[in-house]
Amino acid sequence: MEHPYGWLSLLPPVVAIALAIVTRHAVMSLLVGVFCGALITTGGNFFLATYDVFEVHLWPTIIDPSKLRIFSFTMLMGGLVALVIRSGGMQGFVQLLAPLAKSRRGGQLTTWLMGMLIFFDDYANSLLLGNTFRPVCDRLRISREKLAYIVDSTAAPVAGLSLLSTWVAVEIDFIRQGLDAIGNPTDLAPVPLFVASIPYRFYVLGALVL
């Protein structure tokens, strides 16, 4: 079956990605991509597309309780990380871990192990781990790119496997919504369905191993 918008359906993500690369502003680029998609679905009507973006898509998402909880948690976690850094707690933690990271290999392994322990949220993992181990990796001459790779490989993958993480809670809610949308003919429960999907999470498992 042919898509009603054809090749135009590729335009919004291409515009968003290209704009993000050029401007380095992810939020603005995503908004422009969404607006581009709205222009396509409304037949090029600027005013109708503007209404569609803000009233139909953005506003219901902003006032959704689950999205508000995630946003609030992320903001509070960012504030907590800033407070720990300003109070000197991060420096003290780095000094505590110094004996474990005496070599480049030891520094990378310690970063990976700490990433495995921060399982409750992928944003918290990135914020805490990145800020904590940046000075350690700089001292050991481990590149920022390598640090970013290790942090990213233990953020979403770890949170994507833990039943006690905020991300898995969101995923289970999405599964529940999907089951409700199709009428759940086999009476499947969201949590067992999520657990059954774990062996097929090839990116998550592969990222942790590599």
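Within the range 160-187, track down each residue that is of a type in the set (Gly, Ala, Ser) and either at pLDDT 85 or above or part of a helix (DSSP H, G or I) (or both). Answer for the range 160-187, where residues must be of a type in the set (Gly, Ala, Ser) and either at pLDDT 85 or above or part of a helix (DSSP H, G or I) (or both): 169, 178, 181. Selection of first residues in the range 15-31 that are closer than 21 Å to residue 57 by Cα and of second residues that are exposed (fewer than 11 other Cβ atoms within 10 Å of the Cβ), restricted to Cβ pairs under 9 Å at least 6 apart or on distinct chains, gives the following pairs, ordered by first then second residue: 29/21; 29/22.
Conditions tested, residue by residue: (1) closer than 29 Å to residue 209 by Cα; (2) at pLDDT 75 or above; (3) of a type in the set (Val, Ile, Thr).
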residue	(1), (2), (3)
35	no, yes, no
48	no, yes, no
59	no, yes, no
63	no, yes, yes
74	yes, no, yes
103	yes, yes, no
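Among residues of the range 161-178 being β-branched (Val, Ile, Thr) and over 18 Å from residue 207 (Cα atoms), the one that is surrounded by the most Cβ atoms within 10 Å (Cβ to Cβ) is 166. Flag not set for residue 7, criterion: closer than 22 Å to residue 174 by Cβ, among the aromatic types (Phe, Trp, Tyr) and part of a helix (DSSP H, G or I). Of all residues in the range 145-160, which are over 14 Å from residue 106 (Cα atoms) and surrounded by fewer than 17 Cβ atoms within 10 Å (Cβ to Cβ)? Those that are over 14 Å from residue 106 (Cα atoms) and surrounded by fewer than 17 Cβ atoms within 10 Å (Cβ to Cβ): 145, 148, 149.
Matching residues to (1) loosely packed, with under 13 Cβ neighbours inside 10 Å; (2) assigned by TED's automatic domain parsing to the domain that holds residue 173; (3) within 20 Å of the chain's Cα centre (by Cα):
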residue	(1), (2), (3)
42	no, no, no
80	no, yes, yes
84	no, yes, no
100	no, yes, no
112	no, yes, yes
137	no, yes, no
143	yes, yes, no
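Evaluation of residue 129 against the conditions (1) of a type in the set (A, V, I, L, M, F, W, C); (2) under 30 Å from residue 35 (Cβ atoms); (3) buried (at least 16 other Cβ atoms within 10 Å of the Cβ) shows that the sole unmet condition is (2). Determine whether residue 118 is surrounded by 11 or more Cβ atoms within 10 Å (Cβ to Cβ), of a type in the set (A, V, I, L, M, F, W, C) and out of contact with any His (no Cβ under 8 Å at 6 or more places or on another chain). So residue 118 passes the test. Restricting attention to the range 196-210, the residues that are exposed (fewer than 14 other Cβ atoms within 10 Å of the Cβ), touching a residue at least 24 places away in the same chain (Cβ under 8 Å) and aliphatic (A, V, I, L, M) add up to 2. Screening residue 49 with (1) small (Gly, Ala, Ser); (2) surrounded by fewer than 17 Cβ atoms within 10 Å (Cβ to Cβ); (3) on the phi < 0 side of the Ramachandran plot gives one miss only, at (2). Is it true that residue 44 is more than 24 Å from residue 62 (Cα to Cα) and not β-branched (Val, Ile, Thr)? Yes, satisfied.
The values are calculated or read from the model by the stated rules, or taken from the named source; none is laboratory data. What you see is a predicted model, and the numbers here were worked out from it, not measured in a lab. In this analysis, Cβ positions are derived from the backbone assuming ideal geometry, glycine residues included, and neighbour counts consider all displayed protein chains.
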